[in-house]
2 protein chains.
Amino acid sequence: MSQESIPAAINLGEKLALFSEHWSPKIVAKMNDYYFKLVKVEGEFVWHSHPDTDEVFLVVQGEMRIDFRGGAVELKQGELLVVPRGADHRPCAERECQILLIEPVETINTGDAGGERTVIDLEWI
Amino acid sequence: MSQESIPAAINLGEKLALFSEHWSPKIVAKMNDYYFKLVKVEGEFVWHSHPDTDEVFLVVQGEMRIDFRGGAVELKQGELLVVPRGADHRPCAERECQILLIEPVETINTGDAGGERTVIDLEWI
């Protein structure tokens, strides 16, 4: 980076106001080979795992639950969870929940499960 | 991971309540080879850069400023900034500000500058 250019602050609330659809992550930042993605979730996602990477969920607003085969984890605003690589999990939210996801650039939302809820070409916002 | 074990939610506010010292990052989570660290800052840190990695600041509470050679970036609660690898920067806060840092495990707080404010053995909380 040129010493003259400076990076821009990213306001998560302002970015979240730019979209309304559920289960469609939007990229807001890149750190090395990781993306920071905002996503709004409501209802139940598919069971899946990411065989090659951990994945971080940070709840920005609302509450959600992540089901694992061994039990469920409740997450509320200001809480984060590291989903270990290879762990089957299913994100769920009774009401809309707004999340920051942090994971490698190549990570696919449905992991090893694939299917119709897979989102390939993520949008930067 | 065993399918029977489940990861624990990490409440950032509760973790922040566990310490009071400034400029002493505490590890709260690990994702692959990255740490998530909480730090409370107040006053002016040293100019430094991280030649090998980007670094993310996410303000959990308060406000801060990150000075770059080309200008300053103001950050408030709910805002994040990616400090590009190699960019000289100096974090500052007029009043206490609470931050989540995300960076590779081997990243040192003072980067290439070293000196007495370097913290080597980070504590997990």
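What follows is calculated from the coordinates using simple rules that are stated; it is not laboratory data. As the structure is a computational prediction, the values presented were derived from the model and not from experiment. When we count neighbours, we look across all protein chains shown, and the Cβ atoms used for this are built from the backbone with ideal geometry, even at glycine.
Placing a pseudo-label 7 Å from each Cα along the Cα-to-Cβ vector at B:Ile125 and A:Ile120 gives an inter-label distance of 4.5 nm.
Extending 7 Å from the Cα toward the beta-carbon at both B:Ile108 and A:Cys92 defines two label points whose distance is 4.8 nm. For A:Trp47, the distances from its label point to the matching points in the remaining copies are 5.7 nm, ordered from shortest, with each point set 7 Å beyond Cα toward Cβ.
So which chymotrypsin sites (Phe, Trp or Tyr not before Pro) in segment A:19-125 end up in coil per DSSP with only 11 or fewer other C-beta atoms within 10 Å? Write out the running numbers ahead of the final one.
On the way: sites: A:Phe19, A:Trp23, A:Tyr34, A:Tyr35, A:Phe36, A:Phe45, A:Trp47, A:Phe57, A:Phe68, A:Trp124; in loops: A:Phe19, A:Trp23, A:Phe45, A:Trp47.
Sparse-neighbourhood loop chymotrypsin sites (Phe, Trp or Tyr not before Pro): none present.
In the protein assembly as shown, the C-alpha radius of gyration followed by the widest Cα-Cα span (Dmax) gives 17.8, 54 angstrom. Residue-normalised convex hull volume from the C-alpha trace of chain B: 111 Å³ per residue. Comparing A:Leu38, A:Pro104, A:Gly13 along the charge dipole axis of segment A:12-113, the residue lying farthest to the positive side is A:Gly13, per the Cβ-charge model.
Net charge near A:Trp124, counting Lys/Arg +1 and Asp/Glu -1 over other residues with Cβ under 15 Å of its Cβ?
Values: positive: A:Lys15, A:Lys26, A:Lys30, A:Lys37; negative: A:Glu14, A:Asp121, A:Glu123.
That works out to +1.
Placing a label point 7 Å from the Cα of A:Ala113 along the Cα-to-Cβ direction, the distances to the matching points in the other copies come to 4.6 nm, shortest first.
Let me check I've understood the local charge: for B:Gly62, count other residues with C-beta under 13 angstrom from its C-beta, Lys and Arg +1, Asp and Glu -1. What total comes out? Mind dumping the intermediate values first?
Values: positive: B:Lys40, B:Arg65, B:Lys76, B:Arg95; negative: B:Glu42, B:Glu63, B:Glu74, B:Glu79, B:Glu94, B:Glu96.
So the surrounding residues net to -2.
Mean residue ellipticity, 222 nm, helices only, chain A: the sum of -39500 (n - 2.57) across DSSP H runs of n ≥ 4, divided by residue count and rounded to 500, is -1000 deg cm²/dmol. Charged neighbours of A:Thr53, selected by a Cβ distance under 10 Å, balance to -4 (K, R count +1; D, E count -1).
Give me the one-decimal Kirkwood hydrodynamic radius in Å for segment A:27-79, with the sum taken over alpha-carbon pairs.
Values: mean 1/r = 0.0772 Å⁻¹.
Averaging 1/r across every pair of different Cα atoms and inverting gives 12.9 Å.
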